[in-house]
Amino acid sequence: MSVAAPAQALAPNPLREGLEQERVPDASCLVIFGASGDLTSRKLLPALYSLAHDGLLPAGQTIVGFARPDYTDDAFRMAMREACDKYARTRPVDAAVWDNFAKGLFYVQGDFAEPSAYFRLNQKLQECDRTRGTGGRRIYYLAVPPQFFPVISELLGAEKMVTDPERGGPFTRVIIEKPFGHDLQSAKELNRVAVTTFRERQVFRIDHYLGKETVQNLLVLRFANGIFEPFWNRQYIDHVQLAVAESIGVEKRGGYFETAGIARDIVQNHLLQLVSLVAMEPPVAFEADPVRDEKVKVLRALREFPTGHETECTVRGQYTDGSVLGEKAIAYRKEPNVSPESKTETYAAMKVFIDNWRWAGVPFYIRAGKRLPKRVTDISIHFRPAPYPMWRKLRGVTTQPNVLAIRIQPDEGISLKFDSKVPGPSVRTAPVTMEFRYATSFGAEPPEAYERLLLETMLGDSTLFARRDEVETAWSWLDPLLAAWAADLRPPDFYAAGTWGPESADQLIERDGRKWRRP
Amino acid sequence: MSNSALEADVRVDPRAIENRLAELWRNNKEAGDDALTRAALWNVVAHTSSTELHTEASGVLGRASATVPQRAIIVRAMPAAEPEIACWISANCHLVGAGKQICSEEIAIVAGGDRIHRVPPLVNALLIPDMPVAVWWLGDLPNEHEDYVLSLLEPADRLIVDSVHFDSPADLLLVNRVAEKTTTTPADLNWIRLEEWRTATAAIFDPPDMRSRLNSIRRLRVVAATSDTELFGESVEALLYAAWISAQVGHDVDAHGKVEGVLGSIDYAIERRRQENGAGGIIHAEIQFDDGSSASIARDRDRGILAANVDGVISMPEAITRAVLQRPDELIVRQLKQAKGDQVLLKVLPIASRLAKRMER
């Protein structure tokens, strides 16, 4: 069998040099499986429209919704217009941009397991190739629960709707949403299924945290500035804290959350992604594999939880009745589709070590929870105190360690806390904060994470996506803890909704003479 | 909501400007207004030569400071006025949510007669250290007083002009000389306006099958909207557009404005059309290819878009680019948000001045 040579790379468009949109992808057909779902209307279509609004989509870009409900193209367009009116970053919707965008919006009705639906879908895509210049390029977005992934990928393969990048020709890419499995075994199975139809480099595993500007800015902060990296190690850093707090409860997702819990929902993906970005070594280039190679090294260096003593360095909590932001909040066990005796954790705190040269002995305290006082994601680097307390004999001088805080959301920014002399004849000190806020310095609202990630997929850049080994390494670290928690017959530690978690979480860090930072 | 105590103009002795500014903030802090933050990312020096332009600069920079906080120094230099120098200070405050305000400083320097030569050193003393400096020159560039321009530019990282006000190709050459002879990088608000046209044109050549056709351009026609005044500046956007195509595609433009490409001589037609609205902007651009087909871009004012179409052998869906009328403060903000000067503009400026020769014929 002869193998065609890969297509020669096309020279970049010289007219794009210096333009705000320097990179514009080639037009493709983006097929959204699960187009009638919440993710499509709240995030995907509004993000795609905003990209069109900002001139970042190529002429001819086509979006095909695929789902079970029976819509016409026009009905789908109308529903998506309403979604954009509600959720797009660039509102109000610009009539001219929408008209043009909507011309590339189509719908195919079908069941995910129905082979003839894929035939119809393929016909539609081929028609778009002829009329819209999409040239056989395909992106399949699986906005569906993971159990549908095997059948969709199998039927795409059976209908010959997937090209092999090794053989050249137009690209095919697939985007999958978390959860990437339920544990190591299911993640491996999901990945095995993926590579029966797609090659690893065609698979884009979306973790929307990686699309956030501030998360990307972590790398810029660390590696584009000369002043931070020399201090970014065990010699100068006392400990690191990471917090992902949500003020909302499980909302309509009680059924899903019962099987997941916060560790699977947040820690395994978002929090470990943040840990790896904070702790990684400088990559040789800001490119997909060098960046992900360094991230996965951090995950491999995570110290295993001591067998039989897992609960000594972890806390699992669950919210009870309380109030959040002035509103009454019911206990997790009273939420719809939640067992009244549920042991599922809605809060997790852990003390984690990264066993490598840079971080040996530096604890990373991580916590995530629902129904906490506010929605905030925050990373704080706590530096060691000055080596010699030369002011110790003076009253009014209490020095505090420096803290570099990186606010991921909301009100994105970076602050540095340090001590300063209070003006006056005597020596008194007070902590002051030097702040950088995105909103103040750059004015404009940053693009939504999904905008960035969809664009990167169209451009074929997987730097901001999780690679197979990252996902599996994260699961292999977390699995023993999940098993230990599952075997523990005690209920989780309760905390009232609207507080910062159970008391045991405070004790976890206070045992080490430290305190949680109030984010 | 604004902070009227801070925003009021206060006349100050030029030697005491920094002290008075510090006092202003201190008084405000003592009044217990912790919801106020003083911020600056740039020093922006606006050079004006009349009361009208001074008022315009103050308004534009006041609005721009909501997005890019800055110390604004507005100079009004009037050689024909009485020989004196006077200064005022005030602040531009903007709500940023949760009752918090961000405030930027504005310093006005009004100089007349021979005192205008004292302005550059005074401006130098008022610049915030470690922050970039942009000089925004309002109105026509006085290419007959190049030394004065260069002395003001001495500390500047960027010179911002608006070539729509230029009265001759010599102004383009002066900007080009600034780029060649100094460390100041020129920037042009007209070039920012042109971005929508550049984006629309680039979009035509994004599809892989269109890319090779850049080498088969035989004719370029750009139509500029002009008013009754026939001011040279009204054609500059069209000139920059043509020069940009030539620079990026690799066409050679000789000293007389003749254009050559790989297929031989290429016809660059820059036309002027009188129009009541939108003088200075481009109305229409058309690129003709060797096979007789063409691509065109036109402004659709009603829909607020530029629409591009390719006819002939290859067709593609209509590509649109949002064409919103950009206010001067938005153009200034776009400029200040660019960390570095625009290297493409530097390539384009000398070509535009050579292409201007075609218009003189």
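The values are calculated or read from the model by the stated rules, or taken from the named source; none is laboratory data. Because the structure is a prediction, the values reported are computed rather than measured. So basically every Cβ, Gly included, is an ideal-geometry build from the backbone, and we count neighbours across all protein chains shown.
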Exercise for review: Would you check if there is a residue in segment A:9-32 being more than 30 Å from residue A:154 (Cα to Cα), within 13 Å of chain B (Cβ to nearest Cβ) and in contact (Cβ under 8 Å) with a residue 60 or more places away in the chain?
Suggested key: yes
Point to revise | Selected residue (criterion: nearest to residue A:10 (Cα to Cα)) from residues of segment B:207-253 that are small (Gly, Ala, Ser) and within 14 Å of chain A (Cβ to nearest Cβ) | key: B:212
Revision key, fill the gap. Selection from segment A:304-335 of residues touching an Asp or Glu at 6+ places or on another chain (Cβ under 9 Å), closer than 25 Å to residue A:269 by Cβ and either exposed (fewer than 13 other Cβ atoms within 10 Å of the Cβ) or of a type in the set (Ser, Thr, Tyr) (or both) yields A:306, A:311
Check your understanding: Do you know which residues across segment A:149-163 are over 20 Å from residue A:180 (Cα atoms) and of a type outside the set (A, V, I, L, M)?
Key -> A:157, A:159, A:160, A:163
Review point. Just a yes or no: is a residue in segment A:126-138 under 31 Å from the mean Cα position of the chain (by Cα), over 30 Å from residue A:192 (Cα atoms) and within 13 Å of chain B (Cβ to nearest Cβ)?
Key: no
Practice item. Could you tell me whether segment A:1-15 includes any residue that is modelled with pLDDT of 95 or more, of a type outside the set (Ser, Thr, Tyr) and closer than 19 Å to residue A:134 by Cβ? Key: no
**Study point:** Elements of type strands (runs of 3 or more DSSP E) in segment A:71-185, at least 2 residues being among the basic types (Lys, Arg) and free of Cβ contacts under 8 Å to residues at least 60 places away in the same chain
**Key:** none
Point to revise | Matching residues, segment B:17-34, being touching a strand residue (DSSP E or B) at 6+ places or on another chain (Cβ under 9 Å) and at pLDDT 60 or above | key: B:17, B:19, B:20, B:21, B:24, B:25, B:28, B:29
Practice item. Might you let me know whether segment B:139-157 holds any residue that is part of a helix (DSSP H, G or I), within 25 Å of residue A:13 (Cα to Cα), in contact (Cβ under 8 Å) with a residue 60 or more places away in the chain and more than 14 Å from chain A (Cβ to nearest Cβ)? Key: no
Check your understanding: Would you pick out the residues in segment A:198-213 that are crowded, with 21+ Cβ neighbours inside 10 Å and farther than 13 Å from residue A:471 by Cβ?
Key -> A:198, A:202, A:209, A:211, A:212
Revision key, fill the gap. Matching residues in segment B:305-330 (within 11 Å of another protein chain (Cβ to nearest Cβ), surrounded by fewer than 18 Cβ atoms within 10 Å (Cβ to Cβ) and at pLDDT 80 or above) number 2
Practice item. Enumerate the strands (runs of 3 or more DSSP E) found wholly within segment A:360-453, keeping only those where 2 or more residues are away from chain B (no Cβ under 14 Å), touching a Lys or Arg at 6+ places or on another chain (Cβ under 8 Å) and at pLDDT below 85. Key: A:429-437
